[in-house]
Amino acid sequence: MPAQAQLGGGSIEAPSADMILINGEIRMDDAWVEAMALRDGVILKMGDEATVRVAAAPGARVIDLAGRTVLPGLHDMHVHPLSGGMASMQCEVHPDSTIDQALESVSGCVAEKSPGEWITGRAYEPAALGVTPTKEMLDRVAPENPVLLTDVSIHSSWANSLALEMAGIDRDTPDPEGGIIERDANGDPTGVLRESASQLVARLVPPATREQSAQALGAALDYILGFGITSMEDALVSGSVAQAYADLADSRHMLPYVRGCMIGGDQELIAMRQVYARDRFSPSCVKLITDGVPTDSHTAAMLESYADTHAGHSERSDRGMLFVETESLEQQMIRYDAMGLTVKLHAAGDAAVRQSLDAIAAAREANGLTGILHDVSHNSFVAPEDLVRAAKIDAVLEFSPYIWFDSPIVDGITKAVGPERVERFTPVREALDAGVFAVAGSDWNVVPSVNPWLALETLVTRRPPGVTDGPQVGGREAITIEEAFDMFTINAARHMYRSDKVGTLEPGKIADLIIIDRNIFEVPIETVHSTKVLATMLAGEFVMGDPNLNGGE
């Protein structure tokens with residue numbers, strides 16, 4: 001008898017299913033089947049209804065899909081859920097607001113506060129305001145309340161005179177490292193604060209309580225699950241955010257699977273990360289920020305000069321700014337790679353992307369191929385030769401496909417860099433053709449929506465949702481719906497080192513799945529953004545939507 005047979009001890013009895021889904025369109029990798037059997041949240045069988053029913057135990061729950069589509073759960077690789085959950089507690093300024101509309105919104109928020117209370121909120125867009133914001137504009141509607149508004153990118157803020165005074169910011173205050181205090185022709189602060197300069201005021205705002213943070217995070221995660229997102233990467237985790245995840249998990253609040261990217265400057269959190277780790281929350285990623293954004297702020301680091309200039313830019317490089325010295329960035333990458341931690345590098349400008357790839361290459365040279373898949377996020381602009389290099393060094397590029405249509409954000413970027421460079425804005429097609437490992441992230445709530453169906457459509461059309469023809473933003477960078485879907489599923493699962501469990505639907509994998517109202521591969525592409533998620537399942541448990549559908553058996 002063969003040794004392996006002696007050691008094996010014979011075969012085991014096949015488990016019976018405790019739930020079956022029938023009469024649907026279920027995507028099994030590249031094929032379609034009509035039924036699926038589950039046991040304790042694991043997929044047992046997939047195929048025709050007769051085959052699946054044979055696997056069912058007596059009394060197994062039967063879900064009649066009534067022809068609806070079942071897909072693996074989607075992954076969002078760049079989310080700020082606590083910020084999204086807290087938004088309802090703050091003053092909202094819509095990105096499309098003109099200056100009059102923005103000030104009217106702030107005036108309404110002031111009416112609900114007592115003198116001296118902070119007014120905080122977002123997300124104004126400078127290109128939509130129509131004017132350059134100043135502290136005096138806010139002073140007119142909030143003379144007795146400190147005000148700090150964050151723009152849509154979260155890389156610039158707008159404060160009134162009282163907030164600046166409380167922070168001790170005047171004409172003699174130097175720009176902090178990695179930040180800019182915008183000044184008028186006389187050298188006085190205008191009220192606009194870029195990058196780290198925003199923290200001079202933000203640190204004075206009373207923080208949310210532990211209970212408020214957990215409540216806001218829970219509401220945001222439930223909202224995200226409603227869009228069919230079953231796994232995600234929280235792109236900026238502080239100690240309070242990590243605590244909120246742990247508190248939710250301990251209260252048995254069902255979470256999507258979350259990988260948390262800890263703030264690189266918080267060494268205490270990184271050292272104590274396992275204190276907050278839970279089954280569905282893994283603080284195993286570090287976030288490093290290498291530049292800003294390619295908007296009116298001119299803080300994204302570019303290889304070529306910005307197209308527009310104004311007085312506020314006179315004392316800084318016309319190619320933006322790198323926040324970290326290259327040697328320091330490389331040392332951090334080498335250290336975290338050796339620790340087994342994934343590193344997520346914010347890089348919007350092509351010069352910052354190049355620096356980030358240099359750092360990943362340094363880690364590969366120092367530590368060898370550790371299997372850690374570090375990623376560069378956003379990649380609004382990337383030199384063609386750097387796309388080739390990214391593939392060679394196993395760097396993951398995470399793209400943000402939620403602003404690729406006519407909007408104030410895109411208008412602002414176009415004005416800053418010029419229309420020629422916008423033709424290669426977020427070069428996904430080129431990246432895939434170069435063999436780059438690409439994933440997608442919403443960057444919600446920096447962008448207004450976390451809806452992945454909007455992103456899946458606009459990855460293909462590069463037009464506003466629902467629009468069939470007309471101008472595109474970087475049209476030559478369009479990809480197919482199948483490629484877009486892979487970015488949101490199996491690619492992301494591989495990047496999270498969980499492709500053995502999720503990312504596709506097949507026997508042996510965990511039943512993280514969604515039931516939707518249409519087959520996105522067959523309907524007109526301009527209707528994909530309207531997809532409705534009827535139910536979301538995590539590990540075989542329905543956590544959102546109606547699991548009964550047509551009642552079942």
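Read-outs: derived from the displayed coordinates by stated rules, not from any lab. In this text, all values refer to a predicted model and were calculated from it rather than measured experimentally. Counting neighbours? That spans all protein chains shown, and the Cβs are built from the backbone with ideal geometry, glycine included.
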Relative to the chain, whose Cα atoms define the longest principal axis, helix 408-417 and its Cα axis are tilted in degrees, nearest 10, by 60
Stretched fully, the stretch from Arg476 through Ser240 gains (0.36 nm per residue minus C-alpha distance, one decimal, in nm) 80.8 nm
What does a probe at Asp279 reach in region 474-518, counting residues whose amide N is under 15 Å from the point 7 Å along Cα→Cβ? 510-512
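For Ile360, Ile525, Ile393, what ranking results if the residue with the fewest other Cβ atoms within 10 Å of its Cβ goes first?
Values: Ile360 27, Ile525 19, Ile393 16.
With the fewest neighbours first, Ile360, Ile525, Ile393 line up as Ile393, Ile525, Ile360.
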Between the helical axis of 452-461 and the dominant principal axis of the chain, each derived from Cα atoms, what acute angle in degrees is found, rounded to the nearest 10? 80
What spacing in nm lies between the two simple spin-label points modelled at Asp30 and Ser114, each 7 Å away from Cα in the Cβ direction? 6.7
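Can you tell me the FRET efficiency between Val54 and Ala185 if r is taken as the Cβ-Cβ distance and R0 is 56 Å, rounded to the nearest 0.05?
According to the calculation, E is roughly 0.10.
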Using label points projected 7 Å from each Cα along Cα→Cβ, tell me how many nm separate Asp100 and Glu430, to one decimal. 4.2
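Which shape class applies to region 418-484: rounded if a/c is under 1.5, otherwise prolate when a/b exceeds b/c and oblate if not, where a ≥ b ≥ c are the square roots of the Cα gyration tensor eigenvalues?
Details: a/c = 1.33, a/b = 1.08, b/c = 1.23.
Note, shape of region 418-484 comes out rounded.
Assuming R0 = 35 Å, can you tell me the calculated FRET efficiency for the pair Arg252 and Glu144, based on Cβ-Cβ distance, to the nearest 0.05?
Details: r = 44 Å, r/R0 = 1.27.
So, using R0 = 35 Å, E works out to roughly 0.20.
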5 Å binning of all Cα-Cα separations within region 86-202, expressed as whole percents from 0 upward: 2, 13, 25, 27, 20, 11, 3, 0
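Under the rule a/c < 1.5 gives rounded, and otherwise a/b versus b/c splits prolate from oblate, where does the chain land using the Cα gyration tensor? The partial results should precede the final answer.
Details: a/c = 1.79, a/b = 1.65, b/c = 1.09.
Here the chain falls in the prolate category.
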Can you give the angle from 0 to 90° between the axis of helix 239-250 and the longest principal axis of the chain, with both taken from C-alpha atoms, to the nearest 10? 30
Pairs Lys113/Lys415; Lys509/Lys532; Lys344/Lys392; Lys415/Lys532; Lys113/Lys135; Lys392/Lys509: which exceed 28 Å Cα-Cα? Lys113/Lys415; Lys415/Lys532; Lys392/Lys509
Put a dot 7 Å past each Cα toward the Cβ at Glu506 and Thr527; how far apart are the dots in nm? 3.1
If you stretched the chain out fully between Glu327 and Arg171, how much longer would it get, using 0.36 nm times the residue separation minus the C-alpha to C-alpha distance? 52.9 nm
